[in-house]
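In what follows, a structure is listed as structure tokens, so that the remarks can point back to it.
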Amino acid sequence: MFVNRQEAGIRLGARLRRSIGDAEVIVLGLPRGGVPVAAEVARALDAPLDVIVVRKLGVPFQPELGFGAIGEGGVRVLNHDIIRIADLNQMEMAVVEEQERAELERRARRYRGDRPPAELAGRTVIVVDDGIATGGTAQAACQVARARGASRIVLAVPVGAPETVAGLGKVADEVICLETPERFHAIGAWYADFAQTTDQEVMELLRRGSPPGGPRDEDGTDPGLR
């Protein structure tokens, strides 16, 4: 369905360009895989690019299955249905959350360095990921953006599970998803190339993107990132 994350971002950016209008927009990518998609969206909209750092809370014996997610600012989202089905107790969940909180803080420091998070107050925020399965991290990201003062939140992804995408309208003002295949099994199944995105790639894309609030030279670069 998509060649790779870059091609998916180009298609998503074209779709958003038709609907966003003249709103003051900032694009936030979910690390790691959402950032290459978000970079192309930011390019299409000529908008600043930043990350919004959240972490999935994976079931200990099946880490790909998320029982919730955490985000910057202490945001915590739980999927009580998954918790019940997996029969998780408080201690098991606390161990996973402690590990993921440490990783979240590490990534935020690594990606931004000394730069503060982008200013979201009063702005339209486009939260971008490479796809949505259970929706826990996307939900957490939207809640983080809301807590930081975003006036409008658009959740934008190339592909997602139909029921999950429909349910995310509760936390986002608008959800844009290019494809919602009924037989949805995994995000990677809808990409020809779904290679893992590295921290270094995320940092490079952020350096190329518009800085969140910093000065720009005539060539469009942030002098503080040279």
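Here is the figure for the range 1-15: residues that are modelled with pLDDT of 95 or more, touching a strand residue (DSSP E or B) at 6+ places or on another chain (Cβ under 8 Å) and either open to solvent by 10 Å² or more (accessible area, probe 1.4 Å) or of a type in the set (Val, Ile, Thr) (or both) total 5. Selection of the range 143-162 for residues being under 24 Å from ALA192 (Cα atoms) and at pLDDT below 95 yields an empty set. When each of ILE85, ILE70 is tested for being in a helix (DSSP H, G or I) and of a type outside the set (Gly, Ala, Ser), the lone residue that passes is ILE85. Cβ-Cβ distances below 6 Å connect the following pairs, each with a first residue in the range 110-125 that is within 19 Å of ARG32 (Cβ to Cβ), a second residue that is part of a loop (DSSP other than H, G, I, E, B), and a separation of six or more residues or different chains: ALA118/PRO212. Just name the residue that is farthest from the chain's Cα centre (by Cα) out of those in the range 186-197 that are closer than 14 Å to GLY34 by Cβ and open to solvent by less than 70 Å² (accessible area, probe 1.4 Å). Residue satisfying both the conditions and the ranking: TYR191. If the condition is being assigned to a helix (DSSP H, G or I) and among the aromatic types (Phe, Trp, Tyr), then the range 34-67 contributes no residue at all. Checking each residue in the range 59-70 for being in contact (Cβ under 8 Å) with a residue 40 or more places away in the chain and surrounded by fewer than 24 Cβ atoms within 10 Å (Cβ to Cβ) picks out LEU65, GLY66. Here GLY149 clears all of (1) open to solvent by 10 Å² or more (accessible area, probe 1.4 Å); (2) in contact with a helix residue (DSSP H, G or I) (Cβ under 9 Å, 6 or more places away or on another chain) except the condition numbered (2).
Report yes if some residue within the range 118-136 is modelled with pLDDT of 95 or more, crowded, with 17+ Cβ neighbours inside 10 Å and charged (D, E, K, R); otherwise report no. The answer is yes; a qualifying residue exists. Residues that are open to solvent by less than 50 Å² (accessible area, probe 1.4 Å), aliphatic (A, V, I, L, M), outside any helix (DSSP H, G or I) and free of Cβ contacts under 8 Å to residues at least 60 places away in the same chain are absent from the range 91-105. Only one of the numbered conditions (1) in a strand (DSSP E or B); (2) in contact (Cβ under 8 Å) with a residue 40 or more places away in the chain is not met by ALA23, and that is (1).
The values are calculated or read from the model by the stated rules, or taken from the named source; none is laboratory data. Fair warning: this is a prediction, and the values are worked out from it, not measured in the lab. Please note: Cβ atoms are built from the backbone with ideal geometry, for glycine as well, and neighbour counts cover all protein chains shown. Note: areas computed on protein heavy atoms with side chains; ligands, DNA, RNA excluded. Shrake-Rupley method; radii C 1.70, N 1.55, O 1.52, S 1.80 Å.
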